[in-house]
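This report refers to the structure that appears directly beneath it.
The values are calculated or read from the model by the stated rules, or taken from the named source; none is laboratory data. Keep in mind that what you see is a predicted model, and the values were worked out from it rather than measured. No Cβ is skipped: glycine too gets one built from the backbone with ideal geometry, and neighbour counts run over all protein chains shown. For accessibility, only protein heavy atoms count, side chains too; no ligands or nucleic acids. Shrake-Rupley method; radii C 1.70, N 1.55, O 1.52, S 1.80 Å.
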Amino acid sequence: MTEQTSPPALTDTEDRHREKMQKRKAVQDQEVAFKTVEKGLLLVNTGPGKGKSTAALGMVLRTLGYGRKVVVVQFIKGLWDTGERRALERFDDQIEWHALGEGFTWETQDRARDVAACQKAWAVAKQALSQPDVALVVLDELNIALRYDYLPLAEVLADIQARPVGQHVVVTGRNAKPELIEQADLVTEMALVKHHFKNGVKAQQGVEF
């Protein structure tokens, strides 16, 4: 008959780690238990670092995964052929993608034209913000339009505030207005630590578009 051996005793380090994690779990469980509010959120991705729109598109993918409807409205950016648009438009029954910008402001060099394009885009965005069946609205580079006063800030904030109760909104772009930050539920600032552009690397497929 084979003699059974006992499992090796835990070391003091393992004991301390387990005790620490048990206490941490108790705190986390208690904190989660008090989180009972469910509502549509206004999220703002801003800052000089790369990844603001990319993070918003991650939320788009999550929402589509649950079979919910999404509307993406792109301000400033023109009709770029991007990998994310190609991929997400495969969900054509769930997503509307509106690229309504005419290029960056230093490219158009025409304020009246930029204002007109942003007003057209906001009309589309406002329609999306009024539809209860739209779970997520992404307002890509809206912060740029607001920074240059292409749209009236008070009207934009009021339209976002008046959206259906459960609808989430993500606003992207550098230099978010303080009033938008104040109204937001979650604000993330992307910090620039290092960027390959500084070393002469051009925009590349799969990274920038």
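In whole Hz, what ³J(HN,Hα) sequence does region 48-53 give by Karplus (6.51, -1.76, 1.60; θ = phi - 60°), x for Gly and Pro?
x, x, 6, x, 5, 6
With point charges of +1 on the Cβ of Lys and Arg and -1 on the Cβ of Asp and Glu, referenced to the Cα centre of the chain, which listed residue (Ala116, Thr13, Thr172) lies farthest in the positive direction of the dipole?
Going by the charge dipole, the pick is Thr13.
Under 16 Å Cα-Cα from Lys35, which aspartates and glutamates qualify once same-chain neighbours fewer than 8 residues away are excluded?
The reachable aspartates and glutamates, counting only those whose Cα sits under 16 Å from Lys35, are Asp185.
Magnitude of the Cβ-charge dipole of region 139-209, K/R +1 and D/E -1, about the Cα centre, nearest 20 debye?
Dipole about the Cα centre, nearest 20: 440 debye.
Once amide H atoms are placed 1.01 Å from N in the peptide plane, what residues at a sequence separation of 5 or more from Ala176, or on another chain, have their amide H within under 5 Å of its amide H?
Sorted by chain and number, the residues that satisfy this are Gly47.
Val169's amide H: which non-local residues (gap 5+, or another chain) put their own amide H closer than 5 Å, with H modeled 1.01 Å from N in plane and none for Pro or chain starts?
Leu41, Leu42, Leu43, Val137
Please check: in the Gaussian network model of the chain (C-alpha springs, under 10 Å), which one of Asp93, Asp12, Asp114 has the largest mean-square fluctuation.
Asp12
In Å and whole numbers, how far do the C-alpha atoms of the chain stretch along each principal axis, longest first?
Computed over the Cα atoms, the extents are 88, 45, 36 Å.
Any idea of the accessible area per residue across the chain, 1.4 Å probe, to the nearest Å²?
65 Å²
Please turn the phi angles of region 151-163 into ³J(HN,Hα) values with the Karplus equation 6.51 cos²θ - 1.76 cosθ + 1.60 (θ = phi - 60°), one per residue in order, whole Hz, x for glycine and proline.
Karplus values, whole Hz, x for Gly and Pro: 9, x, 4, 4, 5, 4, 4, 5, 5, 5, 5, 8, 5.
What part of the accessible area of the chain, given as a whole %, is carbon or sulfur when the probe is 1.4 angstrom?
It is 52 percent, rounded to a whole number.
How big is the dipole moment of the chain about its Cα centre under a simple scheme where the beta carbon of each Lys and Arg is +1, that of each Asp and Glu is -1, and everything else is neutral? Debye, nearest 20, please.
300 debye
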